[in-house]
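The values are calculated or read from the model by the stated rules, or taken from the named source; none is laboratory data. No experiment lies behind these values; they were computed from the predicted model shown. Every residue, glycine among them, receives a Cβ derived from its backbone with ideal geometry; neighbour counts consider all protein chains shown. To get the accessible areas, we keep the full protein, side chains included, count just its heavy atoms, and leave off ligands, DNA and RNA. Shrake-Rupley method; radii C 1.70, N 1.55, O 1.52, S 1.80 Å.
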Amino acid sequence: MRVPDHEWYCAGAEAEIALMAVAVSGADLSGTVPTCPGWTMGRLVAHIGVVHRWATQIVATRATAPVDRRDLDTGFPDEDSGWAAWLAAGAAPLTAALRSAGPDAPVWTWGSAGRSGWWARRMLHETTVHRADAETALGAVPAVDPAVAADGIDEFLANLPFARRPREHLGSLPAGESLHLHATDSDGEWLIRFPGPDGGIEWSRGHAKASAAVRGPVSVLLLFTYGRVPGSDPRLTVFGEQSLLDAWQQKTAL
């Protein structure tokens with residue numbers, strides 16, 4: 001399996017944007033997105049497309065402070081039929097900016113890295129999960145490359161203490177408890193302990209006994225980690241405290 005590098009993330013983001021654009025082409029934009037409560041398909045497409053353009057602006061200008069999304073020239077389409085093409089059109093400027101910057105250009109990030117490579121990784125996984133949201137809403141079963149899914153779990157756990165909503169709730173996870181994720185179709189196991197330092201979480205790769213465990217395909221574990229599928233999903237096997245899994249998903253939802 002290839003070790004992820006900057007180009008791997010750039011190419012992956014490019015591919016995921018194309019897949020999502022195909023998925024939403026011709027979709028009813030007023031339709032609901034069950035995995036994003038309160039959202040329509042139109043809102044989902046607009047959100048991810050704006051995020052792509054926001055990241056492009058940050059990386060291209062080497063911004064060292066947050067960029068206000070309201071200042072972006074989003075170029076929203078005039079007709080509903082144009083949204084899929086608008087989404088796809090964001091890929092080239094984004095990946096050009098990321099490739100030009102390389103992985104180590106100092107830029108603002110909401111995570112801890114402060115480097116352009118953080119955005120390449122973030123755009124791959126943000127787009128992958130929202131592509132899965134769109135496909136699920138349209139009645140399809142999302143497929144995620146196992147390598148992407150495993151890295152997506154790593155990235156989710158690394159960013160969690162910095163994410164605006166979850167960081168307010170991590171300290172209220174049951175003290176002394178832990179969660180184990182075990183991929184059944186690839187080499188991937190994660191142990192998550194809480195609370196960790198500063199009231200957040202502590203996590204590592206590897207096998208260990210935990211208060212609760214979830215086993216299943218790594219792509220489904222990714223969606224579980226993001227709160228897109230519950231522990232009761234038939235593709236998953238759960239051991240231990242179901243209430244702990246519910247608390248985890250409630251308090252870490254992005």
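Only Cα pairs within less than 10 Å get springs; with that Gaussian network setup on the chain, which residue of ARG69, ARG131, ARG115 has the largest fluctuation?
Looking only at ARG69, ARG131, ARG115, the largest GNM fluctuation is found for ARG69.
Order 116-129, 218-231 from most to least packed using the mean count of other Cβ atoms within 10 Å.
Numbers: 116-129: 25.1, 218-231: 22.6.
Packing order, densest peptide first, comes out as 116-129, 218-231.
Given points 7 Å out from each Cα along the Cα-Cβ axis, report the PHE162 to ASP233 separation in nanometres with one decimal.
Placing both labels 7 Å along Cα→Cβ, they lie 2.6 nm apart.
For segment 46-94, with the dipole built from +1 on Lys and Arg beta-carbon atoms and -1 on Asp and Glu ones, taken about the Cα centre, which of GLN57, LEU72, ALA85 lies farthest toward the positive end?
In segment 46-94, that residue is GLN57.
Only Cα pairs within less than 10 Å get springs; with that Gaussian network setup on the chain, which residue of LEU72, LEU173, LEU181 has the largest fluctuation?
With Cα springs under 10 Å in the chain, the top fluctuation among LEU72, LEU173, LEU181 is at LEU72.
Quick one: dipole size for segment 172-223, taken about the Cα centre, charges +1 on Lys/Arg Cβ and -1 on Asp/Glu Cβ, in debye to the nearest 20.
100 debye
For segment 117-254, give the percent of accessible area contributed by carbon and sulfur heavy atoms, probe 1.4 Å, rounded to a whole number. Write out the running numbers ahead of the final one.
Numbers: 2780 of 5580 Å².
Answer for segment 117-254 is 50 percent, counting heavy atoms of protein chains only.
Could you work out the relative contact order of segment 106-241, using alpha carbon pairs under 8 angstrom and six or more residues apart, expressed as a whole percent? Present the calculation step by step, with values, prior to reporting the outcome.
Details: 208 pairs, mean separation 26.3, N = 136.
Answer for segment 106-241 is 19 percent.
If you put +1 on each Lys and Arg Cβ and -1 on each Asp and Glu Cβ, how big is the dipole of segment 1-139 around its Cα centre, in Debye rounded to 20? Let's see the in-between values first.
Working: 11 positive and 15 negative charges, 98 e Å.
It comes to approximately 480 debye.
Averaged per residue, what accessible area in Å² does segment 195-240 show with a 1.4 Å probe, protein chains only? Walk me through the intermediate numbers first.
Numbers: 2180 Å² over 46 residues.
For segment 195-240, the solvent-accessible area averages 47 Å² per residue.
Percent of accessible area on segment 56-100 owned by carbon and sulfur, 1.4 Å probe? Don't skip to the answer; put the middle values down first.
Details: 1300 of 2660 Å².
C and S atoms contribute 49 percent here.
Just to be sure I understand: of the beta bridges DSSP finds with both ends in the chain, what percent are antiparallel, rounded to 5? All intermediate terms of the calculation are to be shown ahead of the outcome.
Numbers: 16 of 21 bridges.
Percentage antiparallel, nearest 5: 75.
If you average the C-alpha positions of segment 1-80 and of segment 190-254 separately, how far apart do those two centres end up, in angstrom?
With segment 1-80 and segment 190-254 each reduced to a Cα centre, they are spaced 26 Å.
In percent, how large is the relative contact order of the chain, given Cα pairs closer than 8 Å and 6 or more residues apart?
RCO, the chain: 17 percent.
Taking the Cα centre of the chain as the origin, how large is its charge dipole in debye, to the nearest 20, when only Lys and Arg (+1) and Asp and Glu (-1) carry charge on their Cβ atoms?
Numbers: 21 positive and 29 negative charges, 93 e Å.
Once rounded to the nearest 20, the dipole reads 440 debye.
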